[in-house]
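Below: one structure, written as structure tokens.
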């Protein structure tokens, strides 16, 4: 249940109200999803992030993210 | 690379048997799916630990969930993993007894909905102002910040019909309880990768300082797990245990401090009831006074501490603590299968029994 997926950030929107969490759009295996950036406010467009339960929890270096995605594709392919 | 690691692992596990516990359910699946277990020397034993939140959810918490789902005007929202976990109800429960699950309760008319994020439960609450929407809080530190975030958001939006029923747990004290568990010998821990993204490496220090065992925070690829095992074996050889991070791509020693702050803002420690381990102090999380109005337990006055019997033939409690392997259970592959699970370790995709059933043939 602690599974996390890797997504690439497409955009981060400004919070609707000042104290709300910032939300944004990520692409996970070609599917676009809205997630919250409340736990990772430093994330920016084009960053790769680990996502769990609708929240980005950690940034990944592009090389590490790409390596893992390649392995996942190979395993599931 | 893998061959090189395996060769060194073989050299280091030459004589003395070593037992390493992989705490996390995702590690368990990776170990069996990749076939790592079959490649290791016989003297290196991997024990699956209590790191599947669904599996460690106690029967008394399941009883609270079922009781809640039968209340009028309630929508239960939950992660999908919990839906099929069975439990046997005692005689007289709502005029019925026998085995049930949230899935069965739903078939009988309960409004139980699967959500992907606790934030989705808020949306359900906003769309159903005439109903009380309760999110079933199961999970460890990986999941807790998202749930804390949903509670804060509910407060900000001033939602009157959103509640959390918490059976949330924290991992390190359970790992300590296992080190004192007489039935299992643990020479080292493969610490959970995603929990550690949140909590960092410091909370594991007691493992090395007090118990003098290695603790290595490990990633999820087969290569990561092998490297994690190798680091443990090297530490054992040197006789100087320490907390190491193998999963360097994602885990920082300090963890995600924003997530930690969010947890502390919303929750306070309390005891938690673990399947197989019993009540462990300070491993549960309950809402702080400021957030009491979102407490599903208070709102619905659910039966606390009720013990219901799980199927007596099911030995999930022993599997979770590493006291037995699924193959030691007489029901495994016979009466207990993923289609007809007797207990949570066979229900959950990351349960030890399900992983053994699927990959350890």
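Among the residues of segment B:216-231, is any touching a strand residue (DSSP E or B) at 6+ places or on another chain (Cβ under 8 Å), at pLDDT 95 or above and assigned to a loop (DSSP other than H, G, I, E, B)?
Taking segment B:216-231 as the starting set, the residues that turn out to be touching a strand residue (DSSP E or B) at 6+ places or on another chain (Cβ under 8 Å) are B:216-218, B:225, B:228-229, B:231.
From what's left, at pLDDT 95 or above: B:216-218, B:225, B:228-229, B:231.
So of that shortlist, the ones also assigned to a loop (DSSP other than H, G, I, E, B) come out as B:218.
Yes, segment B:216-231 contains a residue that is touching a strand residue (DSSP E or B) at 6+ places or on another chain (Cβ under 8 Å), at pLDDT 95 or above and assigned to a loop (DSSP other than H, G, I, E, B).
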Tell me which residues, restricted to segment A:4-17, are surrounded by fewer than 18 Cβ atoms within 10 Å (Cβ to Cβ) and at the interface with chain B (Cβ under 10 Å from one of its Cβ atoms).
A:17
Within segment B:267-295, track down each residue that is in contact with a helix residue (DSSP H, G or I) (Cβ under 7 Å, 6 or more places away or on another chain), modelled with pLDDT of 95 or more and surrounded by 18 or more Cβ atoms within 10 Å (Cβ to Cβ).
B:267, B:283, B:285, B:287, B:291, B:294
Among the residues of segment A:64-75, are any surrounded by 19 or more Cβ atoms within 10 Å (Cβ to Cβ), within 10 Å of another protein chain (Cβ to nearest Cβ), touching a residue at least 60 places away in the same chain (Cβ under 8 Å) and over 13 Å from the mean Cα position of the chain (by Cα)?
yes
Testing residue B:269 on (1) outside the structural domain of residue B:30 (by TED's automatic domain parsing); (2) at positive phi, one condition comes back false. Which one is that?
(2)
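How many residues are in a strand (DSSP E or B), out of contact with any helix residue (DSSP H, G or I) (no Cβ under 6 Å at 6 or more places or on another chain) and surrounded by fewer than 20 Cβ atoms within 10 Å (Cβ to Cβ) when one looks only at segment B:111-136?
So the first thing to find is which residues in segment B:111-136 are in a strand (DSSP E or B), and the list is B:111-114, B:132-136.
Adding the requirement that they be out of contact with any helix residue (DSSP H, G or I) (no Cβ under 6 Å at 6 or more places or on another chain) leaves B:111, B:113, B:132.
With surrounded by fewer than 20 Cβ atoms within 10 Å (Cβ to Cβ) added as a condition, the list becomes B:111, B:113.
Matching residues across segment B:111-136 total 2.
Give me the strands (runs of 3 or more DSSP E) completely within segment B:1-110, filtered to those with at least 1 residues that are under 30 Å from residue B:228 (Cβ atoms), ordered by residue number.
By residue number, B:18-24, B:44-51.
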Within segment A:24-58, restricting to residues that are in a strand (DSSP E or B) and within 18 Å of residue B:261 (Cβ to Cβ), the one that is farthest from the other protein chains (Cβ to nearest Cβ) is A:56
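Within segment B:19-66, track down each residue that is under 21 Å from residue B:100 (Cα atoms) and more than 13 Å from every other protein chain (Cβ to nearest Cβ). Explain how you work it out, then say what you get.
Going through segment B:19-66, the residues under 21 Å from residue B:100 (Cα atoms) turn out to be B:52-66.
B:58, B:59, B:60, B:61, B:62, B:63, B:64, B:65, B:66 - these are the residues of segment B:19-66 that are under 21 Å from residue B:100 (Cα atoms) and more than 13 Å from every other protein chain (Cβ to nearest Cβ).
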Under 7 Å by Cβ, and 6 or more places apart or on different chains, what pairs join a residue from segment B:338-361 that is assigned by TED's automatic domain parsing to the domain that holds residue B:104 with one that is modelled with pLDDT of 90 or more and part of a helix (DSSP H, G or I)?
none
All but one of (1) away from chain A (no Cβ under 11 Å); (2) in contact with a helix residue (DSSP H, G or I) (Cβ under 7 Å, 6 or more places away or on another chain); (3) more than 29 Å from residue B:28 (Cα to Cα); (4) assigned to a helix (DSSP H, G or I) hold for residue B:176, so report the exception by its number.
(3)
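The values are calculated or read from the model by the stated rules, or taken from the named source; none is laboratory data. Values in this document were obtained by computation on a predicted structure and should not be read as measured data. Cβ sites come from the backbone with ideal geometry, for glycine too, and all protein chains shown count toward neighbours.
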